[in-house]
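Values quoted throughout were computed directly from the atomic coordinates according to the rules given, and no laboratory measurement underlies them. This one's a predicted model, so the numbers in the text were calculated from it and none came from an experiment. Backbone-built Cβ (ideal geometry, glycine too); neighbour counts: all protein chains shown.
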Amino acid sequence: MTSTANPGPDPDQHRRVRAGVGFGFGAYAIWGLLPLYFVLLAPAGPYEIVALRVLFSLVFCLLILAITRGLRQLLRVFRDGHTLAALSVAGVLIAANWLLYTVATTTGHTLEASLGYFINPLVAILLGVVVLHEKLRALQWAALGVGVLAVLVMAVFYGSVPWLSLGLAFSFGFYGLVKSRIGSRYPALVTLTAETATITPLALVAMALLGVRGEVTLTSEGPGHFLLLLAAGVITAVPLLLFGAAASRLPLSTLGMIQYVAPIGQFVLAVALFHEAMPPERWVGFGLVWIAVVLLVLDAVRAPRVPRLPKRPRATRA
């Protein structure tokens with residue numbers, strides 16, 4: 001009589017998970033360090049930066065698709081009217097998100113950008129309740145309540161509503177909602193290319209208007225400045241590719257916890273390098289948001305025990 005040995009852990013699966021964690025940290029680390037890149041682009045203004053980011057991202061993505069023979073899938077998207085309409089909306093939302101983020105990080109408001117991405121998961125939960133009529137677990141309700149309290153504290157005691165943070169969180173939240181409706185019918189790079197193509201006319205108009213006003217710095221500040229602006233396409237696409245590789249290897253709960261690497265990096269840069277002000281009332285507001293984040297992380301740790309659909313929508317960060 002032969003006995004069947006109980007197979008041990010699959011080494012290939014372990015390698016996939018380790019690689020996924022590395023890809024995830026790489027993607028969110030790049031997004032967390034983006035403020036440093038935008039500072040290097042001075043004297044380019046936020047409108048020029050975002051317009052060139054759109055244009056050069058499109059060029060870079062088309063090159064990658066050509067190399068990987070993915071152009072046919074891109075053509076399929078343009079023949080799919082429903083998907084193309086959704087990606088057009090997504091393009092406008094991500095362009096707004098990029099613009100708000102660039103304005104924040106080039107005008108001494110990196111802390112507000114960090115706060116926006118700490119709040120973003122709470123906004124995603126709120127949209128799930130209001131738009132998708134999802135039912136929340138107790139920890140999610142608690143996190144949402146603490147997040148709302150944090151915004152109220154900042155509005156009352158700090159003296160102003162954190163509009164930049166809320167704009168970043170809601171623009172990306174709605175962007176994720178639109179992309180989730182599309183699902184995984186097309187690879188992330190294909191949908192990014194399509195949505196970038198839909199907003200390319202806006203980027204061209206913006207560059208034309210800036211040119212008329214003499215505010216284009218692309219060719220007027222030397223080759224180093226030109227190359228830095230040219231790199232906007234790579235800076236946009238590379239973390240997306242890393243994110244896509246991570247999303248295909250990791251559970252959503254794990255990826256959801258890694259996402260906080262980006263706002264933590266932005267916060268450290270804002271306080272330690274850019275010396276942005278952190279009065280006591282702002283510490284209280286951030287502290288409440290961090291409590292909400294801890295509640296979400298605890299919920300994510302428990303979430304795998306609850307059955308869920310294996311749906312994995314992908315979205316693009318700033």
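Hey, how much of the P(r) for the stretch 183-282 falls beyond 23 Å, as a percent of Cα pairs?
Numbers: 2711 of 4950 pairs.
Every Cα pair in the stretch 183-282 considered, those over 23 Å come to 55 percent.
Percent of Cα-Cα pairs per 10 Å bin, from 0 to the last occupied bin, for the stretch 1-137, please list those.
Histogram of Cα-Cα distances, whole percents per bin: 9, 22, 30, 25, 7, 4, 2, 0.
In whole angstrom, how long is each semi-axis of the equivalent ellipsoid of the stretch 10-89, when you take the square root of 5 times every eigenvalue of its Cα gyration tensor and sort them from largest down? Don't jump to the answer; show the numbers that get you there.
Details: eigenvalues 151, 131, 30 Å².
With the √(5λ) rule applied to the stretch 10-89, the semi-axes are 27, 26, 12 Å.
For a quick check: sort L52, L230 by the number of other beta carbons within 10 angstrom, fewest at the front.
Arranged by neighbour count, lowest to highest, L52, L230 become L230, L52.
Which value results for Rg/Rh of the stretch 20-305 when Rg is the Cα radius of gyration and Rh the Kirkwood radius based on the inverse mean 1/r? The partial results should precede the final answer.
Values: Rg = 19.1 Å, Rh = 19.8 Å.
Result: Rg/Rh = 0.96.
According to the square roots a ≥ b ≥ c of the eigenvalues of the Cα gyration tensor, what is the shape class of the stretch 56-149, taking rounded for a/c under 1.5, prolate for a/b larger than b/c otherwise, and oblate for the remainder? Please report the intermediate quantities before stating the final value.
Working: a/c = 2.92, a/b = 1.51, b/c = 1.93.
In terms of gyration-tensor shape, oblate.
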